[in-house]
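Colleague: Quick one: this structure, given as structure tokens, is what I'll be asking you about.
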């Protein structure tokens with residue numbers, strides 16, 4: 001490990017130690033006795049899990065398609081076609097790839113503002129209204145739509161987390177040899193069967209990694225939630241906004257205690273992921 | 001045997017590939033027919049083109065010239081999707097390289113591509129002497145056992161034609177007999193079998209033998 005690597009590791013450890021030294025158990029217990037904080041913890045856990053599941057729904061098929069469209073066998077097949085078709089195909093693939101990276105490179109606040117503007121458009125307002133009606137029919141009349149409601153929290157988390165999950169799944173499928181899938185198709189499996197029966201079982205470690213990454217990203221998401229969902233206590237407040245609100249009101253100890261809950265959750269999830277995916281070679285899926 | 005009753009009709013088949021600027025003729029003017037219930041062996045030394053011929057008959061490798069008709073369809077005049085559909089429904093293929101999926105158990109391997117149920121897959125594994133290994137993975141088996149799994153996969157969906165590329169290549173005599181027995185029984189039950197082999201006396205089990213190195217001498221020996 002390089003000297004800079006050691007310095008970086010020391011920085012991470014020093015930050016965590018400083019946090020734990022700054023806060024004490026009485027701060028933590030008083031924070032946890034606050035019903036509003038307990039609400040934000042529960043909302044964080046639930047919204048992150050929903051956002052991560054939704055991210056996987058998008059990431060698994062999208063990552064698979066992107067990986068296979070860029071595979072050697074596809075390149076060979078395209079090589080037999082006209083140069084114009086080949087160029088068009090590559091252009092389309094790179095465009096989709098770039099578009100999917102946009103939520104990763106955009107400043108978080110811009111993601112929030114873009115979502116807010118989108119839901120001010122006629123289509124967005126229509127969706128907002130229909131969502132409110134749907135929740136009312138389900139008996140959750142308190143959720144009146146998407147913007148500045150719990151669905152906004154989940155959508156803001158999902159928008160960023162899904163991009164990371166797609167990237168992880170794409171890397172996973174790229175490292176899995178596609179020959180067994182091609183054999184399955186040759187033997188008569190449909191493309192869906194080859195994906196579900198042959199490719200997916202091989203990618204389970206990548207799926208766990210993508211879920212973890214999406215969950216952890218969602219947990220740390222703040223900017224888009226601030227703009228698109230607001231920071232209403234007992235309504236759209238998640239742990240990251242608890243840190244912000246405590247800090248805004250001058251309660252630094254409360255902010256650090258809330259941060260420690262975030263840090264603990266993140267560490268627990270990372271350790272669990274490592275344990276679940278332990279024992280496989282790098283070819284059997286990817287942990288990023 | 002006439003074209004009406006034949007399942008597979010190979011007509012004037014030739015295959016040529018280019019190697020370092022020189023054309024290499026794998027086989028020339030190869031013609032034969034396979035009818036239901038026939039067991040046909042393709043004989044030839046290593047590198048003589050047995051696998052190439054079988055891949056062409058399975059609709060996986062377009063020949064340089066000639067025609068292959070399967071169930072009345074000119075295979076290489078069909079769009080790829082239609083050809084794949086016909087192959088998946090009516091042809092079972094045992095690759096020389098086996099092509100088992102290493103991370104799927106034996107039952108799942110037999111099910112891949114064939115669409116058969118776990119019950120049917122296990123029945124075939126049992127028949128080929130692997131009933132107690134259905135939850136094992138290919139890497140845990142000997143090469144001979146893996147060959148039998150590949151045979152189960154080729155035959156489990158009961159295709160009209162089973163194409164087997166050296167299915168007894170690494171088997172001892174007892175297991176070879178078991179494999180020949182299963183294939184013969186399959187042919188007797190109405191399915192056709194086209195098999196590449198390096199066995200010295202293929203005529204002892206095949207209805208007729210195609211000697212790929214002496215195609216001029218190709219003759220049918222219907223029993």
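The values are calculated or read from the model by the stated rules, or taken from the named source; none is laboratory data. Source: prediction; values computed, not measured. We place every Cβ from the backbone using ideal geometry, glycine too, and count neighbours over all the protein chains shown.
Colleague: From the set of residues in the range B:82-107 that are farther than 12 Å from residue A:187 by Cβ and within 7 Å of another protein chain (Cβ to nearest Cβ), which is nearest to the chain's Cα centre (by Cα)?
Modeller: The selected residue is B:104.
Colleague: Quick one: which strands (runs of 3 or more DSSP E) sit completely within the range B:1-65 and have at least 3 residues that are in contact with a helix residue (DSSP H, G or I) (Cβ under 7 Å, 6 or more places away or on another chain) and farther than 21 Å from residue B:89 by Cβ? Spell out how you get there, then give the answer.
Modeller: Details: elements: B:8-19, B:22-34, B:39-43.
Correct list: B:22-34, B:39-43.
Colleague: Going by the conditions given, is residue A:208 within 14 Å of chain B (Cβ to nearest Cβ) and at pLDDT below 95?
Modeller: So residue A:208 fails the test.
Colleague: May I ask you to list the residues in the range B:61-98 that are touching a strand residue (DSSP E or B) at 6+ places or on another chain (Cβ under 6 Å) and without any contact (Cβ under 8 Å) to a residue 12 or more places away in the chain?
Modeller: Correct list: B:74 only.
Colleague: Next up: Give A:167, A:233, A:182, A:205 a once-over and let me know the one that is surrounded by fewer than 19 Cβ atoms within 10 Å (Cβ to Cβ), more than 30 Å from residue A:38 (Cα to Cα) and in contact (Cβ under 8 Å) with a residue 24 or more places away in the chain.
Modeller: On the way: A:167 fails: surrounded by fewer than 19 Cβ atoms within 10 Å (Cβ to Cβ); A:233 fails: more than 30 Å from residue A:38 (Cα to Cα); A:205 fails: surrounded by fewer than 19 Cβ atoms within 10 Å (Cβ to Cβ).
Unique residue meeting the criteria: A:182.
Colleague: Would you check which residues across the range B:108-137 are within 13 Å of another protein chain (Cβ to nearest Cβ), part of a loop (DSSP other than H, G, I, E, B) and modelled with pLDDT of 90 or more and list them? Break it down into steps so the answer makes sense when it comes.
Modeller: From the range B:108-137, those within 13 Å of another protein chain (Cβ to nearest Cβ) are B:108-116, B:118, B:121, B:137; that's our starting set.
Subsequent filtering for residues that are part of a loop (DSSP other than H, G, I, E, B) retains B:112-116, B:137.
Residue satisfying the conditions is B:137 alone.
Colleague: For the structure I just gave you, tell me whether residue A:187 is under 12 Å from residue A:164 (Cβ atoms) and either within 14 Å of chain B (Cβ to nearest Cβ) or touching a residue at least 12 places away in the same chain (Cβ under 8 Å) (or both).
Modeller: In short, no.
Colleague: Among the residues of the range B:157-181, write down those that are within 21 Å of residue B:42 (Cα to Cα), surrounded by fewer than 21 Cβ atoms within 10 Å (Cβ to Cβ) and free of Cβ contacts under 8 Å to residues at least 60 places away in the same chain.
Modeller: Once the filter is applied, which keeps residues that are within 21 Å of residue B:42 (Cα to Cα), surrounded by fewer than 21 Cβ atoms within 10 Å (Cβ to Cβ) and free of Cβ contacts under 8 Å to residues at least 60 places away in the same chain, the range B:157-181 yields B:170, B:171, B:172, B:173, B:175, B:176, B:177, B:178, B:181.
Colleague: Output the number of residues of the range B:129-156 satisfying the condition of being touching a residue at least 40 places away in the same chain (Cβ under 8 Å) and buried (at least 22 other Cβ atoms within 10 Å of the Cβ).
Modeller: Matching residues across the range B:129-156 total 9.
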